[in-house]
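Read through the structure below, which is laid out as structure tokens, and then see the notes.
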Amino acid sequence: MATFWMTEVIPLAVTAIIPVFAFPLLGILSTDDVCLVYMKETNMVFLGGLAVAIAIEHCNLHQRIALFVILRVGQSPRRLMTGFMLTTMFLSMWISNTAATAMMVPVVEAIIVELQLSQRGEDCSVPSEAASPGHVHREQMEMESNRISSDISNTSAEKFSGGVTNDAFVREETNDNENTDTTPSRDQNIREGQGGTTLLDAKHLALRDMCLMATAYSANIGGTGSLTGTGPNLVVKSILESSFSEPSGLNFATWMAFNVPGMILCVILAWVWLQVFYTGLGCKTGSVQNTTAESEAAVKHLISRKYRDLGPMTHQEKTVTLLFVTLVALWFFEKPEFIPGWATWISSFFEKKSPSLAVTSFVLPAQPTFWCSGGLKCNGPMKASPACIAWEVIHQKMPWNLLFLLGGGFALAKGSSASGLSSWLGSQLVALQVMPKEAIVFVVSLMAAMATEVASNVATASIILPVLKEMALSMNVNPLYLMLPAAVCCSYAFMLPVATPPNAIVFNAAQMSNIDMMKAGLVMNIICVIVITVMINSIGVPMFDLHGMPAWTNSTIV
């Protein structure tokens, strides 16, 4: 299965169902035992989170959030890049990192075009045919930028909206498109206008590539901030729950308390590293970083116009916002550890049922037209209001194959445990205990980050986390000490276009070379691995009681 997941000789979802027939055939597990793990509680939590995320995308709430943040952060190149990264990071914590990236790419490209136009200050009355090299009619460039933005939004959303993590089933569609697409590249469309006129000069191309890479990095890092942000987070939680009968202390609240500071630190370091890699902190770009008040005002006008085009916040957006905030609050305060959670005060019937709140999005009206309120007139018969989200939308955008991928990973972990394979591999790795514990964490985290460059992050987590659990038990170490950083590093895929859908989107948008992405991504991988190593050895120690073996490790489920 690991070979099939890495080589993609068959679709990932098909590989994921191999245990259904292989484990009973080989006498490892019965069919009943295998099939039960394909729709366990963890999968339902993920499904509920995805449904709310799709509702956010459906009502366009994510774009409103993005434009609002960028408008408030500032309009200089560095501030714009900060706004791109903060927005993408936050959205990726809750919605598909692919959808967040696909939404931000046209925004980035439109703003960079406007930034160059405002800095040049060309006369808008000059027709494009008469424009000298490096000068283009403003309206023509704006129309071209809007057309490209529309193309990116449509094609990227259709191809990548189902991907929540760096799942290789998305890569199949990407590769097919690369082999069959005969249309001009988006990079050529942006760089060339009528008569071959250059639209973006070298400085602004570097600035655009930097902002696009920053968007992809923020999308990948942002998924580590919440327990439902990406698949590996739920894989580690599921393995712990299926291995130990007592709670390990890892839940939605403690996950965020540990990973959000590391997530923010990684985004800050990514901002610094990309500035150094692309611009030398301003030394290579000159006037691009030193913008004028006029250019910043022009960019602010563009963003403001796009924000105004969204109109006032609709009833549907307000309802989805309330639903989203309520769901996150229920997840966070269910068992936050530092205070008694609501699950301890309410009947156990409601425990762990908060994902079912997503069902209300099919019931709550998008616009309450069945009563006279909010300025609605009652001139005609009242009509039934459509729901905030329809099942057709869920059916189209839900990554159903990802649920099979998660289930296949859980089945593989259960089979490895039942057959003794995980224990055997874990005992073989005990030889690493001659190294300092900090060095072991760094090594296993780096291995996970490198493996996820060529395989789905869910598949990578499903393969290595059960082994790390047994390795930690053999070394008399808290399993969270090795499993938690490795799970987070399964989302650190920055080197290759095929490693994750956000990488593929920006790679196609910028038409950059593989070597440039690899050079920038390799350093970023090392930076993030160092950060998670420091985090687990600092705030992770008191938070998860990593000094020794906690009592819950003795509550093994047979």
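The values are calculated or read from the model by the stated rules, or taken from the named source; none is laboratory data. Fair warning: this is a prediction, and the values are worked out from it, not measured in the lab. As a convention, Cβ positions derive from the backbone with ideal geometry for all residues, glycine included, and neighbour counts pool all protein chains shown. Just the protein is used for accessible areas: all its heavy atoms, side chains included, with ligands, DNA and RNA removed. Shrake-Rupley method; radii C 1.70, N 1.55, O 1.52, S 1.80 Å.
Of note:
- Residue in the stretch 275-285 that is in a helix (DSSP H, G or I), open to solvent by less than 60 Å² (accessible area, probe 1.4 Å), out of contact with any strand residue (DSSP E or B) (no Cβ under 9 Å at 6 or more places or on another chain) and at pLDDT 85 or above present: yes
- Taking the conditions (1) within 30 Å of Cys211 (Cα to Cα); (2) at pLDDT below 85 in turn, Pro336 satisfies each one other than (1).
- Number of the exception - Val443 against (1) free of Cβ contacts under 8 Å to residues at least 40 places away in the same chain; (2) over 27 Å from the mean Cα position of the chain (by Cα): (2)
- Selection count where residues are in a loop (DSSP other than H, G, I, E, B) and under 10 Å from the mean Cα position of the chain (by Cα), scope the stretch 214-227: 3
- Scanning the stretch 236-255 for residues that are touching a Ser or Thr at 6+ places or on another chain (Cβ under 6 Å) and part of a helix (DSSP H, G or I), we see that the one that is surrounded by the most Cβ atoms within 10 Å (Cβ to Cβ) is Ser238.
- Residue count for the stretch 316-336, restricted to those that are open to solvent by 50 Å² or more (accessible area, probe 1.4 Å) and either of a type in the set (D, E, K, R) or closer than 30 Å to Ile111 by Cβ (or both): 3
- When residues of the stretch 73-86 are limited to those that are part of a helix (DSSP H, G or I) and open to solvent by less than 20 Å² (accessible area, probe 1.4 Å), the one modelled with the highest pLDDT: Met85
- Yes/no for Val164 being of a type in the set (A, V, I, L, M), more than 20 Å from His62 (Cα to Cα) and either crowded, with 22+ Cβ neighbours inside 10 Å or modelled with pLDDT of 50 or more (or both): no
- Gly380, sole failed condition from (1) modelled with pLDDT of 65 or more; (2) farther than 27 Å from Met93 by Cβ: (1)
- Taken over the stretch 299-332, the criterion of being of a type in the set (Val, Ile, Thr) and closer than 25 Å to Phe84 by Cα is satisfied by Val299, Ile303, Thr314, Val320, Thr321, Val325, Val328.
- Here the stretch 537-558 is the region considered, the condition is being more than 26 Å from Gly415 (Cα to Cα) and assigned to a loop (DSSP other than H, G, I, E, B), and the residue that is least open to solvent (accessible area, probe 1.4 Å) is Leu546.
- Qualifying positions in the stretch 47-106 - of a type in the set (Lys, Arg) and touching an Asp or Glu at 6+ places or on another chain (Cβ under 8 Å): Arg64
- Any hit, the stretch 451-468, residues being touching an Asp or Glu at 6+ places or on another chain (Cβ under 6 Å) and free of Cβ contacts under 8 Å to residues at least 60 places away in the same chain: no
- Conditions (1) surrounded by fewer than 24 Cβ atoms within 10 Å (Cβ to Cβ); (2) modelled with pLDDT under 85; (3) under 28 Å from Leu406 (Cα atoms): number failed by Thr98: (1)
- Ile515 passes every criterion in (1) under 20 Å from the mean Cα position of the chain (by Cα); (2) of a type in the set (Val, Ile, Thr); (3) open to solvent by 10 Å² or more (accessible area, probe 1.4 Å) apart from (1).
- The residues in the stretch 1-52 that are polar (S, T, N, Q) and touching a residue at least 12 places away in the same chain (Cβ under 8 Å) can be counted, and the count is 3.
- The condition of being open to solvent by less than 60 Å² (accessible area, probe 1.4 Å) and either modelled with pLDDT of 85 or more or over 30 Å from Met518 (Cβ atoms) (or both) does not hold for Ser419.
- Qualifying residue in the stretch 60-72 (condition: among the basic types (Lys, Arg), assigned to a helix (DSSP H, G or I), open to solvent by 50 Å² or more (accessible area, probe 1.4 Å) and farther than 22 Å from Ile239 by Cβ): yes
- Evaluation of Phe404 against (1) assigned to a helix (DSSP H, G or I); (2) touching a residue at least 40 places away in the same chain (Cβ under 8 Å); (3) open to solvent by less than 60 Å² (accessible area, probe 1.4 Å) (one fails), failing number: (3)
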